[in-house]
Structures are given as C-alpha cells and as structure tokens.
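The structure appears right after this line, and notes come after that.
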Amino acid sequence: MKRTSTLLNLSLFLLLLFATSVKAQQTVSGTVKDEKGETLIGVSVVVKGTAIGTVTNVDGMYSIKMPASSGKLIFSYVGYSTQEKVVAAGTTSFDVVLSEKATKLDEAVVSGLATSVKRSNAANAISQISSRDLTGTTIQSTVDGAMYGKVAGANLSSNGGSPGGGMSVKLRGINSISGNGQPLYVVDGVYYDNSAIAAGLNAVSKAANQGSAANQDNPSSRIADLNPEDIEKIEVLKGASAAAIYGSRAGSGVIIITTKKGRNSGGKPQVSLSQSIGMQTQLRKLGQRNWTADTAFKFLGQNGLDVYNANGGVTHDYEKELYGNKGMMYTTNVGVSGGSENSAYYAGFSRIDEEGIVKHTGYEKSSLRLNLDQRIFKFMDLSISSNYVSSSADRGFFGNDNTSTTMGVSFVSTPSFANILPDALGNYPDNPFAPSNFLQTRDLITNNEKVNRFTSGISLTTRLITQEKQSLQLILKDGIDYYNLETKAVFPTTLQFEANGKGTSGLVALGSNNNKNNNLSAFLVHAYYAPNNLIFRTQAGVTQEKFDANNVLSTATHLIGSQTNIDQAGSIQGEQTRIKQIDKGFFAQEEVNFHDLIVASLGIRADKSSRNGDPDKLYSYPKASLAINVSEFDFWKKNPEAIFNTLKARVAYGEAGNFAVFGSTYSPLVPVVSNGSTGSLIGLQRGNSTIGPERQQELEGGIDLGLLKNKLLFDFTLYKKTNRDFFYPVQIATSTGYSTFMTNAGDLENTGVEIGLDYTPFQKKDFSWNTHFAWWKNKSEITKLNIPAFNFGGFGKTLGTYRLEEGKSATQIVGIGPAGQADPSTGLVVWGDAEPDFQLSWTNTLTYKAFEFSFLLHWKKGGDNINLTTLLADLSGNSPDFDDKDLDPSGNLSNGNYRLSQLGTSASVFIEDASYLRVREIGLAYNMPRKWFRNVCGIKVQLSARNLINIFKYNSYDPEVSNFGVNSISSNVEVTPYPSAKSYFLNVGITF
Amino acid sequence: MKKYKTTKIFTGIIFLTMMGLSSCEINPIEDPNNPSEAVISANATLSEIQNVVDGSESALREQLNQYYDGVSVIGREWYRFSGSDPRFTSDLLGKGAAVLDANTFYTTQPFAARYRAVKNLNILIDALTNSTAVTDADKRRAGIAYAKTLQAYQLLMVLNEQYGNGVRVDVKNPDALGLFLDKNASLDAIANMLNEAHNDLKNNTAAFPFNEYVYGTTPSQFDKFNRAIAARVNVYRADWNNALSALNESFYNISSPLTEGAYHQYSITGGDLLNPVYFPPNSTGETRVAQPSFITDAESGDTRLNKVSLRTTAASLDGLTSDYDVAVYKTDVDPVPIIRNEELILIYAECNAQNGTTTEAVNAINTIRTAAGLSNYSGGTSTQELIDEILKQRRYSLYGEGHRWVDMRRYGKLGDLPIDRPGDDVWVEFPRPDTEN
C-alpha cells in the first residue's frame, strides 16, 4: 500500500510538472523600436511568470503565444531599460518603444555558475565594469591597468612603471598570509592564468640573497595578455559570499570577464576601426641635487672632489637622460561583428606598440579574437570564444638589488657631476661612484618577456524542456588556456659590472614556461514557474579543473665575447619547477523569486583537489542569500508619497577556499653535492599530509536605494570576511630534522564598507550628465595567532617591516624607534599601515550635442609605503631634497643628513604617507555628423590622457609601488622602481 | 522531431559521461620536482640509497661554521669579528649583561643542522630496511650500522653544545619525539648506539650496499671510525677502560701520522660547499682572530703556532684585539677533521694517566710533543699534573677543532679560561632552542 502511494505521489507530481494547461491562448505580435524609431533586433520578450519567451527578428518583430487571454510581457535588451507591459484581453498587436535610459538596476549580474540575475534582485554588491567604463574614456594597454579606480573594495597597486604591466589586485583587504592573495580570473568561462613568473634577473641583482627570499624581479602579471578592447564587461565577486560558487580557488575573490559577442544584425556586418597615437612621459620628475665643489668634497671625499674638478663642475640631467624618453604609443583596433537569426560572430584584432619612458624598453602586443554563436537546433546553442595573443615586453632592469647594478640603484648612486655619457666612439666610461654605468646598462642589456597564448572556450546549451511552467537547460563547457612565456635576460661582458672578471663575467638567463589550464563543467538548470509568481530556479552540476605548469630557467655565466647562446658560456645552471593540479567539484543551488519581492538563494559547492593532503576529501562551501525589494510591495508602490523608487535590503553569506602554496603537502629531498656526487637531503619544510584549503567566510549586507525615478541610485554595503586558520610555515622543533611546517597559524578578519552613488542630473536630447561616486574602506585585524608575533616582508626592522601580531592590523608597518616610544620588549614602534584610510573614485560622463567629455578621479587617502629609494639616494648624497631643511624637528640637519642620522635609530622617516589624488583618465571626444560621410560611417575623434594630474606629497616618483610584486602582504615597499608614466592619446574611431 | 529527440538523448549521455568523469577519485600527485621522503623510505633503488648516503654526508657539514664559532669563541680559542652582527662578541662572550639567546642563530642553526642529518640518516635506515633492492641481510645490517654511527656522532655534537640540557635521542617520529635525556643518559645512549653499530660492523664481511666516504670502504674498516668516536664518548663518560678498548679496535696508532683519520671534504665543484671555517688572512669586516693567550701561553718553538698567522694590522672590535688570524686551514677546500689520530693518541695518554699507567701516558705525550717540535715532557707524573699537561697538549694539538671548551668543562676548569673584558662570562652550555619546548 505504501509503495503504491509513493508511486501515486510521484506520478501526480510528474503530471503536474508536464501537464500542459488547457486555457484560453492568445497570440500577440508587434514591433520593438528605440526612441529614434529604429527597430531593435534581438530584444527578449517573455511572458511574465512563465518560461515562454522569444526574441525580435531582423525587422524588430516578435510574435508570442500567451497562455492566457491577458497578461504581462517583459521586454529587455542590453543597454536599454527593461519594460513590463500589461496586455489586455483581446489584444493581438502590441508595439513597444524601449528607452536607452538604462540604469544599473537593469544590469544582469552573476548569481550562480550557470545563471545570472537582474541587479535589482541581486543580494551581493557585485561590481561591474562595462566596456564603456573600461576603455571608453581613454586607451588602455592592459586589463589590470584599465580596472584601476573602477572597483569599489579593490586595492590595485602596480609594481612599477615597466611597460607590459604587473599589478597586484587585492579584493576587500588581505586575503591570505602565505598563499595566493590574487583573485581568480575567469574569461568566458575559461580559468585564465595570472601568474607572475620571474625572468632570472636575481642572478645579477642578488636581490633575494640577503635577508629577503622573496622574488623581486618584478615580472608582469599574465592577465595583461588580455586585450581590453575585446571586453564586454567585467564582474568582480569581491568576497566569499559571492564567490562561493567557485569554491576552493575563490578565497581571494573572482573576476569574471565576458568578451564581446555578435548580435543579430540581419546579416549586415558592423565594423569599427580605431587608431590611436600616444606618448608617455615620466609621471613626476624629482630633479637632482645641486652639487658644489664643497658638497662634493664634504659628502664624497677627495675622490668626489677630484671627479667634480675633472669634469669642471659640469652637471648632467641624468633623470632626463634615463627617464626622459618620450615613449610613442600606437594602438590599432579592428572589430567586426554581426549575425543573423541563427549565428553571430565577433572578430577583434588589436595591435599595441608602446615605447617606455626609458629607452630600449617597450611593449608590443597583437591579439586576435573570434567569438562565434551558432544555433544548431531550435533547442541547442553553441558558443565558442577563442583568442590568440602574442606579446613582447622589454622591461629594463630596475628595483632592488644587492650588487648596485640595476639602473634604478645605480642612478640614485650617481651624482650629476660625474660623466658617464658614452664617448664619440660609443665607449662608456666606468661610473666612478657605482659598480654600474646605468646608461650603458640601459643600452646593452636585454630583459624581455615573450608570450604566445591561446585561450579557447566552448559552451553548449541545450534546452531539454521548454514549457509554459518550466524549462530545463543543460549547459556543457570546456575551456583551455595555454601559454608559453619565454623570458630572456642578457647581461653582456662589456658591462661595467660584468667586465674584467666582475660579476659573473656576463650572464644569459633563458626561461621557458609552459602553463596549461583546462576546465570542464556540466550543469543542469531548471526553472519552475509556480502559481502566484513564485519562480524556482535550480541548478546542479559538476566541474573539473586541471592545471599544469612547467618552468625551466637556464642561466649561463662566464660568457664568451658578446655571445648570447647559452652554450657559449663557462658555466650553465638549470632550474626546473613543475606544478600539477587536478580539482573536481560539485555544485548545486536553489534560487527562489517571489514576485521580485523576495529573492533568496541557497547553494553549496564541494571540491576535492590534489593540492590537498587528502586529494579525495571533499571540502564544501555553502552560500545563502536574501534580497527583499521593499519598494516592490504594493503598499509601497501605491504610496504616492514614497520618496524611494527602489528600496532593497540584502544579505548574503558564503564560504570559499584558498590552497596552501604548491608543495606544502610534500616532504621533499633536495639535491646537494658532496664527494663529487649528488645527494638527497631532507628539505627544511615538513610536508603536511592533512592540509586542506584555507577558508574564507564572508557575511555581507546592504541596502540599495533609488530616488527621483531611479535617477539617483545609492548602494551601501557592509562586509565582514574572516580567513579562518590561515596558513603559515610555522617554526617547529628542529629535532624533527625539519624547520618549518605549513599549518594553521591564526585567523584574519577584514571588515569594510562600500558606498556607491549613481546620479544622472540631466538627460536631455542635447545634454546629459552622469556621475558616479564610489567610496570604500577596509580594515584588517589578526584576530588569532597561534604562534608568537613575527616580522614579515620588507627589509627588516631598521628600515621598516610588516608584523603579524594578534589584535593588530595585518598590514601594520613597524620599525625600530627611540627608547621612549618603542615597545620595551620588542624595541619596535608601529610607524604606519599599508591599508588606505579610504579610497574614493568619481566618474563623470558629460555629453553635449556631439561632444563627450569624461574623466575619472581617484583619491586614495592614507596607506603608508616604505620608501627606500630616497634612502638609497641619501646614502650617495644624491636625493634631490638633500640640502632642504624641512624634516629635522630640531631644524639643524638637512633632509638628507637627517634621514641618514635616523638609519639605525628610527625607521620612522622611511615610512611615508602614500596618499594620492589623481585624474586617472580624462577624455574629450567629438562625434562627427554622419551626414558628412553620406551616412556611410561615423567618425569619432578623441583626445585623452591617463594619469594627467597627480597630487601627492610622497617623496618619490609615485606612491603606487611594490618591490615585492604580487605577494599577499609586503607590497608597498619602494626600491628604485621603473618610474610610473603619464600618457596622452589622440584616437580616431570609425564605425560603419 | 525524432532527430531532436535523439540529439537530446545524446546530450544526456554526454552529460552523464561528464558526471562520471568528474565523480571519480583524484589520485595523489607525486612531487613533480623532488624525490619524496615517503617514496624513498618505502622502496628505494640502490642509486636512491646512494643519493641519501651522499646527502647525509653532505649534511654532516652543514652549519659547521656556526658550531665551530660557538664552541671556539666560548672556549676562548678565537674571536669571531663581524661587521654585521655584534652578537659574536657580545652574547657568546657574555659581555656585560648579554646572555646566550635560545632563539638566535648561534643556538638554533647548529642544533637544527645536526638533527637534519640525523633525520636524513633515519630515512636511510628506513630505505635500507624496506628496499627490495638490498637483498643481503648482512649488507643491510652494515648499512644501518653506518647510519647509526653517524647519528651517534651528530648527537654527540649536539650534546657538546647542549651539555646539561641533554639531547633528544629518539627522533624517529616527528609527531612523537622522544624526551630529552639528561646529560649522562644522553652520553650513555650515544655510547649504546655506537656499540650496537659496532656489533653489526665488526667481522661483517659483506660490502656496504653503497659507497661511503667518511672512513675506509668496508664495514670492518668503517668500524675503526666507529670505535674512534666511541673512544671519545667514553672519555667524556670518564670510562677509561672502555675508552682504551675502543681505541684498540679503532684506527689509533701511535706511530701513524697524526693527521690519519676521518674528514669532511670540500671542493669548488658547483653546488658543493667550501670549507666554512676558512677566512683569507688579513680579512677585515668578517674574520676570525686568535685569542691572544693561545700565542702567549705557548712553549717556545711549538710548531703548532702555525695554526695562527700574524696579521699585517691588528684586528679590533668591541674592546677586543688580536694580532693573529686563525690559520688552521690554509685554503677554502682544506678538509675539516671529524676525528684523527692526534686526538686518539691524547685519549690514550689521558686514559693511562687516569688509570695510573704513567709510562704509557708520558710516552704518548712525548709522541705529541716531539711532533710539535718540543722536548720530552719533564713535569711531574701525578694524575693531576699529567692531566694538566694533556689538556695543554689538547689545546694546541686540536686548536680550532672544537675541543678546548668541552675539555675544560669536563674537568671543571671553565673558570681557568681567560676573561677578556671585565664582566664577560664563560658559558657552560647553550640554551635549549625555544622551538623544542
């Protein structure tokens, strides 16, 4: 009996599910146009509360079967505001005009691995950057650079100004101590590798030999390969509450990039061409110290005076000589897109050729993209995106060293009265004040990165069931990201520091790096339209990611003559690092939408990975969210006195993971040489065979408000993110034979606020103005530390270092200080914090008739840097402000002498406020009337600039620096970087 | 319509295949960059065993500079001057209120390096025990005995610095480390390890399942090294008879060259180490200079003063001055002795002096004195007088080899070591590293 009833229930359920209701049906058809009266192709038309939908055809026509004689139709189109229309009984023809006044509320934002949701229903503050925001104001050569100042909650910092980029992106504070702190990038569903791979310069600079083991080669980040012009939109999942769907790789957030696609254009191709010419110059010139015979003798002794007199006191502007190159920048973009009813394509080609502000440095990139969408059957869509990039970056030789050989260090060590210019025959004199002649170094060395990268993704969507009350889709995705990075560093024997047996008598370092990412996924998405406007959306699926990296670095020294083949060397050393990883995951999520009033979701992602001690153990990451659109309730909608057109309260919780550094599970035996043979010796780190991912837990809540017919939108978000049991290689009893063990060392908490304001004060035919403010602030705290407090990063307490300490900020900068001020037990004073007090970005777009003016202002308030460039200049008496007197509180010492007097006494003077206010982007465009060109094409001329105006007190080239690249902590340290640049562009764009 | 259905079914199958693909197990990925401890321990090939042997012998040399600086500075044999680290002249000499720190490199690094070698030798023992490539039980026994001998030597080095704190002998399982034994129990345990190994080495006619470079080539030859170390351990235990019988089975020979023995080797081969106790003469900034009493206390004509060399200018730092560089090693690839005949002859002298067999003791002393260009011993022959003479000969014969401090300590004579600056201290032992608590 029992069995029968179960069966009965089941069949009843199935009947409910599949039964087609027998009601009065009505076919409605019409045309959709924009405000100018032009028909719109591909507008989505959906019967509200059902799965029934269609799109407009080439003539802007649609025809839809309504299940009832009357109902509501929803018309939506990208870039236009969504409209909901009541169709009365008996209506058969229904035309609609869509307005281009789309607000942020109409954006679709990601909500699951296979789904998105209208922003007005979203429970997370997901930042979105549109193509217009990304590259509309000015020319961008890299994606990371283009995101600057556009994401609330993100802290972007470039590692220096070397052509080809290199940037650290931290979402909502510090995400890890020893693991990866950079977000995961997903481009069209493909996991996009963003490694920063060193080129082997350390063999010359020896930067990582004394005290600091961290890589200081300042390589570029591989996200730079992506062409910003190809991007349709970027969505930023800033914390675990939104990123939980990406599981154990999402602990530092996820950046989802969608590239452009073709649209149904009735077969007619749309072509856009643009060419820009630009120039870049040093962002801020510091000048040089004014030397006299007297100061030369006082500071540099008899040798200094001798050189001064030998050159007759003639000085040279070496800053101009080294950093004064007017780097020309050329960018060509071609985009062709189009489509018909069943297929659409987008083809993008771009070529970038940039010269840096230092001669012989530059960046070249060619990118080719082809995105195809094809309807195979009525129920099956295929989508393919593919991208090939070839780039080459000559990055110069800057940053920290322990050999005084980088151009940066040697520049600050050289007084302007020394003559290091080459003679008429091209021979460079030895630099009498430093081991290297930086002009010779600039002209003779090579530090090149060449990338060949192919990324391709394929996605197959099958609509298995399409009925009035339900739909079921199957989505299959496969993505491959492969690149080869060749690094080449050449230091010929003619260099001052390689000649006559110095250095390593010449060096060639060749790196070959092959990286391959592959990700597969399969999802089922079911939508069920229950009565009373209750919509259930269920998704479940599986994922698999594989990662394989093989990096080989060959370093040849003691070169023969001017040869650069590694065979032509007295000694060759090889290094190889391989990383292999395989992850498998499961994902399920249920979203419930009641009348757009209440939108809730509940989901779980479970992952296993070979990176964990137990590769077969599942780690699960739950998420839950709730959004309540108060303004959608009848009592609100019908209240004429309601000030707010939109009032939404939202809350979301989620967890995500982050792997410990590769190798943490292994107890390797490292190679040693003894008695003429190679031996195996146990490494210092004990493998942790039970290690799992670090876990980020985030609770986010907020309110979205819309006023003045949603012309004024305001969003307010609070979050609290906890990195529970973050990993650190802790010191263990050395009688085990090991020294460290990667294990849970404590808890780290980030709390923050993000506020956004969107306002369109004017939107008239001839004049419109849109303005957007974003303000954000983050604070971190080490809430638990299982090991004693320790210093971390930087160059030790004399110069300033980070310190992890329970109850303190994770980014506090400490250093030695005077006895009265210093903590008696540690001798340390907290001199600063790398975390900014807040950041503010302000975007404006104004259009007047055919003119378009836009700018982006970015203000970072607070946040300190450890400035060692100035100290290094002081040590050679070369800092531009050496003779000024505004630092010493007693007024006795000049700035240079004061800073030197503090070395070993207090680190205070090296830690500086790195606040800045800058006009990141500014552009003025003029759209020439189409009739000038017989309506064949449109031409747009644009003048623009990046970093045009920079206001900061920080005593160096640019407060944005990171000698240590993309490390989780320990950025914000400056050691003679490649200075940042400002750039100007003239751009002509043609569309037809 | 039928076509559509087929396609739908087909996609369903693809989906199920992918599900299947994803739901299956993930196999562990072996370390792609290095051999792993687990794999080597479980079933090593003969060449992997050889790698672990070479790695262990290399490990014996790690951080020896820190060890020799530690014991030689406290033993007032030399000063270690460093422009970048003041602690060699403050902490190690007990300047003013300075004391030895439990968490500083001079304490932690030599300690960790010795245990790292012990760990590597434990991996060797596991590899030998489990490897299917080693088929002969005698070979296996010999190999394990080799490893235990070296482990005992490493633990003795730790005990030399830790002394009263004792050492941890059982460190096989990192999750369940044995307790620290007291000083005497530590010495007993080390002696036991040596004896066990000795039993497996003596009369073992099988060959080692690898090549070793410490001493000899066969197990029975290597046993002579084992016994030499055992003689040293027994002297430290004041067990004179056992020391003498160990000597008997060691490479001790009163008429052999004094330099005969076991050494750490160095070379300029890429990846190999250079002699870490060598500094070029007349260095500035980083240097080792002789404690002046080494020169002033010497008998005239003692050729062993060639272990120091006169500097062109005196070296001074932190209130300390010396005219002499330490010149025990003449080049950066000179081998560093582990134990050699000169020490064994002096052990022979010491045991006989302690046992009252005066003639044998004096005979051995004279062998040493003659070699140093000195006349025969003419002092008293009471045990005390002979021991004083032997300690003096040890001071000059084994200068810079890490003995002075240990010798003075075992005879309770640390108070006799010279104090250079008022308020300086002579430490009895290094503190136990913080990470061990």
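The values are calculated or read from the model by the stated rules, or taken from the named source; none is laboratory data. On a predicted model such as this, the values are computed, not experimentally measured, just so you know. Don't worry about glycine lacking a Cβ; one is built from the backbone with ideal geometry, like all the others, and counts go over all protein chains shown.
One residue alone among A:PHE587, A:PHE659, A:PHE644 is farther than 23 Å from A:TYR528 by Cβ, of a type in the set (Phe, Trp, Tyr) and under 29 Å from the mean Cα position of the chain (by Cα), and that residue is A:PHE659. Only one of the listed residues (A:ALA907, A:ALA925) is of a type in the set (A, V, I, L, M) and either surrounded by fewer than 17 Cβ atoms within 10 Å (Cβ to Cβ) or over 25 Å from A:SER854 (Cα atoms) (or both). That residue is A:ALA907. Within the stretch A:851-904, work out how many residues are free of Cβ contacts under 8 Å to residues at least 60 places away in the same chain, buried (at least 18 other Cβ atoms within 10 Å of the Cβ) and either in a loop (DSSP other than H, G, I, E, B) or touching a strand residue (DSSP E or B) at 6+ places or on another chain (Cβ under 9 Å) (or both). Residues meeting the conditions: 1. A count restricted to the stretch B:178-190 and to residues that are among the aliphatic types (A, V, I, L, M) and surrounded by fewer than 21 Cβ atoms within 10 Å (Cβ to Cβ) stands at 4.
Return the residue satisfying two criteria in turn: it lies in the stretch B:157-177 and is under 15 Å from the mean Cα position of the chain (by Cα) and within 9 Å of chain A (Cβ to nearest Cβ), and of such residues it is surrounded by the fewest Cβ atoms within 10 Å (Cβ to Cβ). Looking at the filtered set, the residue picked out is B:VAL158. Please go through the stretch B:41-89 and pick out each residue that is in a helix (DSSP H, G or I), within 29 Å of B:GLY143 (Cα to Cα) and of a type in the set (D, E, K, R). Correct list: B:GLU48, B:ASP54, B:GLU57. Of the listed requirements (1) of a type in the set (Asp, Glu); (2) over 28 Å from A:PRO788 (Cα atoms); (3) free of Cβ contacts under 8 Å to residues at least 40 places away in the same chain, A:ASP747 misses just one: (2). When the stretch A:520-545 is filtered for residues that are away from chain B (no Cβ under 14 Å) and not small (Gly, Ala, Ser), the ones remaining, listed by number, are A:TYR528, A:TYR529, A:PRO531, A:ASN532, A:ASN533, A:LEU534, A:ILE535, A:PHE536, A:ARG537, A:THR538.
Scanning the stretch A:27-59 for residues that are in a strand (DSSP E or B) and over 14 Å from A:PHE75 (Cβ atoms) turns up just one, A:THR27. If a residue has to be surrounded by fewer than 17 Cβ atoms within 10 Å (Cβ to Cβ), part of a helix (DSSP H, G or I) and either over 19 Å from the mean Cα position of the chain (by Cα) or in contact (Cβ under 8 Å) with a residue 12 or more places away in the chain (or both) to count, how many in the stretch B:191-202 make the cut? Counting residues in the stretch B:191-202 that are surrounded by fewer than 17 Cβ atoms within 10 Å (Cβ to Cβ), part of a helix (DSSP H, G or I) and either over 19 Å from the mean Cα position of the chain (by Cα) or in contact (Cβ under 8 Å) with a residue 12 or more places away in the chain (or both) gives 2.
Among the basic types (Lys, Arg), modelled with pLDDT of 90 or more, closer than 30 Å to A:TYR77 by Cβ and in contact with a strand residue (DSSP E or B) (Cβ under 9 Å, 6 or more places away or on another chain) - does that describe any residue in the stretch A:323-341? Let's see the steps before the verdict.
Taking the stretch A:323-341 and keeping what is among the basic types (Lys, Arg), we get A:326.
Restricting the remaining residues to those that are modelled with pLDDT of 90 or more gives A:326.
Now drop any that are not closer than 30 Å to A:TYR77 by Cβ, which leaves none.
Looking for residues that are among the basic types (Lys, Arg), modelled with pLDDT of 90 or more, closer than 30 Å to A:TYR77 by Cβ and in contact with a strand residue (DSSP E or B) (Cβ under 9 Å, 6 or more places away or on another chain), one finds none in the stretch A:323-341, hence no.
Among the residues of the stretch A:434-459, those identified as crowded, with 20+ Cβ neighbours inside 10 Å and of a type in the set (A, V, I, L, M, F, W, C) are A:ALA434, A:PHE438, A:LEU439, A:ILE445, A:VAL451. Please verify whether A:SER178 is over 26 Å from A:LEU705 (Cβ atoms) and either in a helix (DSSP H, G or I) or modelled with pLDDT under 85 (or both), treating the condition exactly as stated. Yes. The selection criterion, being among the small types (Gly, Ala, Ser) and within 11 Å of chain B (Cβ to nearest Cβ), does not hold for A:SER625.
Specify the residue that is nearest to the other protein chains (Cβ to nearest Cβ); the eligible residues are those in the stretch B:36-69 that are acidic (Asp, Glu) and in contact with a Lys or Arg (Cβ under 8 Å, 6 or more places away or on another chain). Write out each step before concluding.
The first filter runs over the stretch B:36-69 and keeps only residues acidic (Asp, Glu), leaving B:37, B:48, B:54, B:57, B:62, B:69.
When the remaining residues are screened for being in contact with a Lys or Arg (Cβ under 8 Å, 6 or more places away or on another chain), the result is B:62, B:69.
Details: B:GLU62: 8, B:ASP69: 18 Å.
Applying the filter and picking the extreme gives B:GLU62.
The single condition among (1) within 14 Å of another protein chain (Cβ to nearest Cβ); (2) assigned to a helix (DSSP H, G or I); (3) under 21 Å from the mean Cα position of the chain (by Cα); (4) of a type in the set (S, T, N, Q) that B:ASN103 does not meet is (2).
So which residues in the stretch B:296-314 are surrounded by 15 or more Cβ atoms within 10 Å (Cβ to Cβ) and out of contact with any Asp or Glu (no Cβ under 8 Å at 6 or more places or on another chain), if there are any at all? Step through it out loud before you land on a result.
Of all residues in the stretch B:296-314, those surrounded by 15 or more Cβ atoms within 10 Å (Cβ to Cβ) come to B:298, B:302, B:304-305, B:307-309, B:311.
Within the stretch B:296-314, B:ALA298, B:ASP302, B:ARG304, B:LEU305, B:LYS307 meet the criteria.
Taking the criterion of being polar (S, T, N, Q) and farther than 26 Å from B:PHE279 by Cα, the only residue of the stretch B:82-104 that qualifies is B:ASN103. So in the stretch B:264-315, with the set limited to residues that are among the small types (Gly, Ala, Ser) and touching a residue at least 60 places away in the same chain (Cβ under 8 Å), which one is farthest from the other protein chains (Cβ to nearest Cβ)? Across the stretch B:264-315, the extreme among qualifying residues is B:GLY301.
For (1) in a strand (DSSP E or B); (2) touching a Ser or Thr at 6+ places or on another chain (Cβ under 9 Å); (3) within 14 Å of chain B (Cβ to nearest Cβ), each residue gets a yes or a no:
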{"position": "A:PHE635", "(1), (2), (3)": "no, no, no"}
{"position": "A:GLU641", "(1), (2), (3)": "no, no, no"}
{"position": "A:ASN645", "(1), (2), (3)": "yes, yes, no"}
{"position": "A:LYS648", "(1), (2), (3)": "yes, yes, no"}
{"position": "A:ALA656", "(1), (2), (3)": "yes, yes, no"}
{"position": "A:VAL661", "(1), (2), (3)": "no, yes, yes"}
{"position": "A:PRO671", "(1), (2), (3)": "yes, yes, yes"}
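For the stretch A:546-592, the tally of residues that are free of Cβ contacts under 8 Å to residues at least 40 places away in the same chain, buried (at least 17 other Cβ atoms within 10 Å of the Cβ) and at the interface with another protein chain (Cβ under 8 Å from one of its Cβ atoms) stands at 2. Just so you know, in the stretch B:115-150 the residues that are assigned to a loop (DSSP other than H, G, I, E, B) and not hydroxyl-bearing (Ser, Thr, Tyr) include one that is farthest from the other protein chains (Cβ to nearest Cβ), and it is B:ASP136. A single member of A:ASN371, A:ASN431, A:ASN427 is out of contact with any Pro (no Cβ under 7 Å at 6 or more places or on another chain), more than 30 Å from A:THR295 (Cβ to Cβ) and away from every other protein chain (no Cβ under 14 Å), and it is A:ASN371. Restricting the stretch A:475-487 to residues that are farther than 20 Å from A:ALA114 by Cα and surrounded by fewer than 19 Cβ atoms within 10 Å (Cβ to Cβ) leaves a set whose member that is farthest from the chain's Cα centre (by Cα) is A:GLU486.
Within the stretch B:322-356, the set of residues being modelled with pLDDT under 95 and β-branched (Val, Ile, Thr) comprises B:THR331, B:VAL333.
Given the condition in a strand (DSSP E or B) and crowded, with 18+ Cβ neighbours inside 10 Å, answer yes or no: does some residue in the stretch A:282-301 qualify? I'd like the intermediate steps shown before the answer.
Taking the stretch A:282-301 as the starting set, the residues that turn out to be in a strand (DSSP E or B) are A:282.
Now drop any that are not crowded, with 18+ Cβ neighbours inside 10 Å, which leaves A:282.
Yes, that holds for at least one residue.
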